[in-house]
Ligand code: B16
Ligand code: MG
């Protein structure tokens, strides 16, 4: 029986994944690298520094740690500018209804985002009180696909990982959920999220009747 549902943020609750993409694309272009949507799939769910290293490897570019930290900060400054305009209306359709319906079934609700900007996004969306626990990128040592973030969320919720269900849009996130011993619904394309127990196109498409039969 599922006793807790843990949501990823970027790409599951709101399309901040798009803002990450355009900020990385802008940075990559400064190195003559054309970032494509296919490359972007590799960046979803992984940390800021790991994302930068993946991009630099596309252009066979080697930089010092200090240079990489400056570039990661530059990308983050752009990302923070982009997200300041986000509004509660941008929450994906059906997400808040899904959370309310889970609550009615006494299911605990968690958020597990690799993003260090997740608290600001949650504040702008006004949804902090919808979650029993909020885990962000500042609270973990290992980024997805490591299971640390989901295990911490389950611990905070007081639910055994085997009774948790994760919603994820990133391949690295699906792997992290499975490594944590949790069920996982992939949000996106089956070709990218094939390791999930079920793949749906949009978070709001989830049928609650499927909750305990994944
Ligand atoms: P930041 P999620 C992840 O958030 C994003 O998917 C990923 O693209 C990003 O690099 C990572 O957060 C770190 O974000 O630079 O804001 O700390 O999908 O786990 O909610
Ligand atoms: Mg995501």
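Some notes on this structure:
- Normalised by the number of residues in the chain, the average gap of Cα pairs under 8 Å and 6 or more apart makes the relative contact order 26 percent.
- The range 1-34-the range 84-135 distance, computed between alpha-carbon centres (Å): 16
- Selected from 72, 38, 112 as most flexible by GNM, with the chain as the system and alpha-carbon contacts under 10 Å: 38
- Each of 167, 79 was scored by other Cβ atoms within 10 Å of its Cβ. Listed from fewest to most, they are 79, 167.
- Exposure proxy ranking, count of Cβ atoms within 10 Å, fewest first, for 114, 64, 51: 64, 51, 114
- Springs join every pair of Cα atoms under 10 Å in this Gaussian network model of the chain, and among 104, 144, 75 the largest mean-square fluctuation is at 104.
- For the chain: span of alpha carbons on each principal axis (Å, largest first): 51, 32, 28
- Each helix, a run of at least 4 DSSP H residues, gives -39500 (n - 2.57); summed and divided by the residues of the chain, these come to -12500 deg cm²/dmol at 222 nm.
- Semi-axes of the equivalent ellipsoid for the range 31-80, Cα gyration tensor, largest first, Å: 16, 14, 10
- Ranked for footprinting exposure by Cβ neighbours inside 10 Å, fewest first, 47, 113 give 47, 113.
- Distance from the range 183-214 to the range 51-68 (C-alpha centre basis), Å: 33
Rule-based calculations on the coordinates, nothing more; no lab input. Computed from a predicted model, the values in this text were never measured in an experiment. No Cβ is skipped: glycine too gets one built from the backbone with ideal geometry, and neighbour counts run over all protein chains shown.
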